[in-house]
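Worksheet for the structure shown next.
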Amino acid sequence: MAGSARHTALLDACVLYPAPVRDLLLSLARAGLYHSRWTAQIQQEWMRNLLKNRADINPEQLQRTCALMNQAIPDCLVEHYEPLIESIQLPDPDDRHVLAAAIKGHADAIVTFNLKDFPAEALSRYGIEAQHPDDFVLNQIELHEITALATIKEMRLRLRNPQQSAEELIAIFERCGLPSTAAWLRKAVRLI
């Protein structure tokens, strides 16, 4: 795919690590609000960190999660970005693969909690911006309010272990670093 008419966002490992944020971002993408992308390397990074911090998680379950992610979002995996890595300058050289994938994947944004690792001056030459997931999700909600609220409600209703009320789900988003999104959703709690 040469590009996408929809807003395209490359999801950094740090936003895929917390399951509620991952589920929210992928649900919004699956609903067609934007086109999400990532790489196999990004998937390996969030899985490796999760397994390091949570010994109770089965590695096979995470592999299954990755496979389901790749099936759920058409054209999500960015490949053949590696030749770009060496030419990229970022504060942390270990993050160059993320920007390289964003360039190769025709992304408009990199969604990351680590904004300092992706300064505007380094990204602007490629027409890419770094966005905090709270700002990114709130933008999607404000641009596509009805679809976004319906999608979040469907996401909540899918949760079975344990089931969650709208208020509980909103509190989880807030704890996961999405306070503005949570504040907005509290105003629409009856709709989710």
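The values are calculated or read from the model by the stated rules, or taken from the named source; none is laboratory data. Only a predicted model underlies this, so the values are computations on that prediction, with no experimental measurement involved. Here Cβ is always computed from backbone atoms with ideal geometry, including for glycine, and neighbour counts include all displayed protein chains.
Please specify each residue of region 163-192 satisfying the condition of being more than 19 Å from the chain's Cα centre (by Cα) and without any contact (Cβ under 8 Å) to a residue 24 or more places away in the chain.
Within region 163-192, Gln163, Gln164, Ser165, Glu167, Glu168, Ala183, Arg186, Lys187, Val189 meet the criteria.
Where the second residue is crowded, with 18+ Cβ neighbours inside 10 Å and basic (Lys, Arg) and the first is under 16 Å from Ile73 (Cα atoms) and modelled with pLDDT of 95 or more and lies in region 13-30, which pairs have Cβ atoms under 6 Å and are six or more apart or on separate chains?
Within 6 Å, the pairs are Leu16/Arg22.
Identify, from the list Thr39, Thr8, the residue that is among the β-branched types (Val, Ile, Thr), in contact (Cβ under 8 Å) with a residue 12 or more places away in the chain and under 28 Å from Arg156 (Cβ atoms).
Only one candidate passes the filter, namely Thr8.
For residues in region 139-162 being among the aliphatic types (A, V, I, L, M) and over 18 Å from the mean Cα position of the chain (by Cα), which is surrounded by the fewest Cβ atoms within 10 Å (Cβ to Cβ)?
Top of the filtered list is Ile146.
Could you grab me the full set of residues in region 88-112 that are under 23 Å from Arg6 (Cβ atoms) and in a loop (DSSP other than H, G, I, E, B)?
Gly105, His106, Ala107, Asp108, Thr112
When only residues in region 113-131 that are part of a loop (DSSP other than H, G, I, E, B) and hydrophobic (A, V, I, L, M, F, W, C) count, which is nearest to Leu16 (Cα to Cα)?
Within region 113-131, the match that is nearest to Leu16 (Cα to Cα) is Phe113.
Inspect all residues belonging to region 49-60 and state whether any of them is at pLDDT below 95, surrounded by 18 or more Cβ atoms within 10 Å (Cβ to Cβ) and either at positive phi or not in a strand (DSSP E or B) (or both).
There is at least one residue in region 49-60 that is at pLDDT below 95, surrounded by 18 or more Cβ atoms within 10 Å (Cβ to Cβ) and either at positive phi or not in a strand (DSSP E or B) (or both).
Can you give me the number of residues within region 148-192 that are touching a Pro at 6+ places or on another chain (Cβ under 6 Å) and in a helix (DSSP H, G or I)?
Total satisfying the criteria: 1.
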